[in-house]
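S.K.: Quick one: structure below, then a few questions.
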Amino acid sequence: MRLTHAPVPGSVVGMLALTVLVETRVLPLAAVRSAADFLVRYIALLFVPAGVAIVVYGAVLRQSLVAIIVAAVLSLVAVLVVVGRVAQHLEGDA
Amino acid sequence: MNADLTGALWLVVTVAVYAVARAMYARVRMSLLNPALVTIVVVIGLLRLTGTEWTAYDRGGHLIAFWLGPAVVALGVPLALQLATVRRNVVGIATALLAGALVGMLVAVGVAWLLGAPPVVVRSLAPRSATSSIAIAITTRLGGIPALSAVVSIVTGAIGAGLGVALLRLVGVRSALATGLALGAAAHGFGTARAADEGEVEGASAGMAMGVVGVLTALLAPVVVAVFR
C-alpha cells in the first residue's frame, strides 16, 4: 500500500519513525537496541550485493566515468567546506 | 551445478570475504581498504574468474540485500541517541546540515548534468552525501543505478575520511563540533570513524550528521532530480 506519491524510500520513512519513537520514549530503547545494534554493525556487508551489481552497468559507466568522478569529488569537497564553515560560523554566534 | 546451490555458495563466499576484509581493516586501518569496497572488488574478481553471471550471483546476493531495508530503519536508533545529546546550538547545527545536504546534491547532480552524463547517471549521483545504505534506497526509488550510488558513496567516503581533516584545516575550520559535522555529512560511516579518532565531540557530531544528512537527502532528492531532468 502506498500512502503518498512522494518518492521517499520506505526504509528512510521507517528510520525517521523509529528515531521519533525512541527519542520521545514511546518505544523503550531496551526493546529495540540489541536488534538495531546488530543490523547497524553489519550494514556494510548488507550493501555488498548492491555494489557487486555494478558489473551489469559497465558500458554506461565507462561512457560517463569522467563526469561521475568530477561530480562526486566536487560534491564531497563542497559538503566538507560548507558544513564545516557554516557550523563554525554559527557556533561563534551562539 | 544446481542454480540454488550456486546462489548459496556465493552467499557464503560474500560473507567470508567480508569477514576477512573486516579483520584486515581492523589491523591496518587504511581508508581505501574499506571492508565493503574490498569485498565488492574481490567478489567481482571471483565472478570474472569463474565466469559466473551476475544473475547467478544474485540468487544468493539478494538474500543478503534483503536485510538492507531493515538495517536502514535500524539507523533510527543511533540517530535518536545522538540527537538526544544535542543540547545547545540546535539551530546552527540544523542550518549547517541542511545547507550541506542541499549543496552536496546540487553540486553532484549539476556537475554531472553539465558534463553531459545521461539522466540515469545524474539521478544516481543525487544521494552522493547519503551513507551507502540510504543512497541505495534513494536511487532505487528514483529509478537510477543503485550500484553506482553505493560505490560513489563508499569511495568518496573513503577519500573524505583520508583527506577531510586536512582540507577542513586548510579552509580555516578548527572547531571540534564543525569538524565532526563536516566529516559525518561528507564522508558518512568512514568519516565518522575518522572523526572519532580526533575526539569524542567530533565522533558524536559526525554520527549524528551522517544520519541527519541521509534523511534530508532522501527528502530533498526527488525535488532536485525533478529540476535536472
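S.K.: Just to be sure I understand the rule: take each whole DSSP H helix in chain A, project its Cα atoms onto its long axis, keep it if the span is 24 Å or more and its mean Kyte-Doolittle hydropathy is at least 1.6. Which ones pass?
M.R.: Sorted by number, the helices that extend far enough and score high enough are A:65-93.
S.K.: Label chain A by shape, choosing from rounded, prolate and oblate, from the square roots a ≥ b ≥ c of the eigenvalues of the Cα gyration tensor; if a/c is under 1.5 it is rounded, and otherwise prolate applies when a/b is larger than b/c, oblate when it is not.
M.R.: Oblate shape, in that a/c is at least 1.5 and b/c is the bigger or equal ratio.
S.K.: Rounded to the nearest 0.05, what FRET efficiency is calculated for B:Ala94 and B:Arg22 with R0 set to 35 Å and r the Cβ-Cβ distance?
M.R.: Efficiency for this residue pair is about 0.55.
S.K.: With angles folded into 0 to 90 degrees, how steeply does helix B:176-198 sit against the dominant principal axis of chain B? Use alpha carbons for both and round to 10.
M.R.: On a 0 to 90 degree scale, this one is about 10.
S.K.: Can I ask one more? Nearest 10 degrees, 0 to 90: what angle lies between the long axis of helix B:3-28 and the longest principal axis of chain B (Cα atoms)?
M.R.: The angle comes out at about 40 degrees.
S.K.: Mind computing the radius of gyration and Dmax over the alpha-carbon atoms of segment B:1-112? Å is fine for both.
M.R.: 19.6, 61
S.K.: On to the next question. Please compute the volume of the convex hull spanned by the alpha-carbon atoms of segment B:137-214 and report it per residue in Å³.
M.R.: 78
S.K.: Also, quick follow-up: Taking only DSSP H segments of four or more residues, each worth -39500 (n - 2.57), what value at 222 nm results for chain A once the sum is divided by all its residues, to the nearest 500 deg cm²/dmol?
M.R.: Result for chain A: -23500 deg cm²/dmol, rounded to the nearest 500.
S.K.: How would B:Met208, B:Met30, B:Met105 line up from fewest to most surrounding beta-carbon atoms within 10 angstrom?
M.R.: B:Met30, B:Met208, B:Met105
S.K.: For chain B, what class follows from the C-alpha gyration tensor (a ≥ b ≥ c being the square roots of its eigenvalues): rounded when a/c is under 1.5, otherwise prolate if a/b is larger than b/c, else oblate?
M.R.: Judged from the Cα gyration tensor, chain B comes out prolate (a/c at least 1.5, a/b above b/c).
S.K.: Next question, about the same structure. Based on other C-beta atoms within 10 Å, arrange B:Arg128, B:Arg59 from fewest to most.
M.R.: With the sparsest Cβ surroundings first, the list reads B:Arg59, B:Arg128.
S.K.: In Å, what is the Rg of the alpha-carbon atoms in segment B:85-126, and how long is Dmax?
M.R.: 14.6, 45
S.K.: Now for a separate question. In terms of the ratio Rg/(2.2 N^0.38 Å) built on C-alpha atoms, what value belongs to the protein assembly as shown?
M.R.: Expressed relative to 2.2 N^0.38 Å, the Cα Rg reads 0.95.
S.K.: Also, I was wondering about something else. Quick one: helix B:54-65 against the long Cα principal axis of chain B, what's the angle to the nearest 10°, folded into 0 to 90?
M.R.: Relative to chain B, helix B:54-65 is tipped by roughly 50 degrees.
S.K.: Right, something else. Does a label point 7 Å from the Cα of A:Val66, set along Cα-to-beta-carbon, have any residues of segment B:123-157 with amide nitrogen under 20 Å, and which are they?
M.R.: Residues B:123, B:125 fall inside that zone.
S.K.: Less than 13 Å Cβ to Cβ from B:Asn34, Lys/Arg counted +1 and Asp/Glu -1: what total charge do the surrounding residues give?
M.R.: It works out to a net charge of +3.
S.K.: Report Rg (one decimal) and Dmax (nearest whole number) for segment A:1-55, counting Cα atoms only, units Å.
M.R.: Values for segment A:1-55 (Cα only, Rg and Dmax): 14.6, 44 Å.
S.K.: Partner chain Cβ atoms within 10 Å, averaged over the residues of B:180-191 - can you pull that number for me?
M.R.: 4
S.K.: B:Tyr25: net charge of surrounding residues, Cβ under 15 Å, Lys/Arg +1, Asp/Glu -1, itself excluded?
M.R.: +4
S.K.: Next question. Please arrange A:Ser75, B:Ser153 by how many other C-beta atoms lie within 10 Å of their C-beta, fewest to most.
M.R.: Lowest count first: A:Ser75, B:Ser153.
S.K.: Also, quick follow-up: Tell me, what is the FRET efficiency for B:Arg174 and B:Leu32 to the nearest 0.05, using R0 = 30 angstrom and their Cβ-Cβ distance as r?
M.R.: 0.70
S.K.: Taking the Cβ of B:Ala185 as the center, what net charge do the other residues with Cβ under 14 Å away carry, scoring Lys and Arg +1 and Asp and Glu -1?
M.R.: Overall, the nearby charge balance is +2.
S.K.: Continuing with this model, one more query. As a check on your grasp of the helix formula, calculate [θ] at 222 nm for chain B: sum -39500 (n - 2.57) over DSSP H runs of n ≥ 4, divide by the residue count, round to the nearest 500.
M.R.: That comes out to -27500 deg cm²/dmol.
S.K.: Rounded, prolate or oblate: pick one for segment B:46-131, where a ≥ b ≥ c are the square roots of the eigenvalues of its C-alpha gyration tensor, a/c under 1.5 means rounded, and failing that, prolate if a/b is larger than b/c, else oblate.
M.R.: Note, shape of segment B:46-131 comes out oblate.
Here, each number is a calculation from the coordinates, and none is a lab measurement. For clarity, every value in this text was computed on a predicted model and none was experimentally measured. Here Cβ is always computed from backbone atoms with ideal geometry, including for glycine, and neighbour counts include all displayed protein chains.
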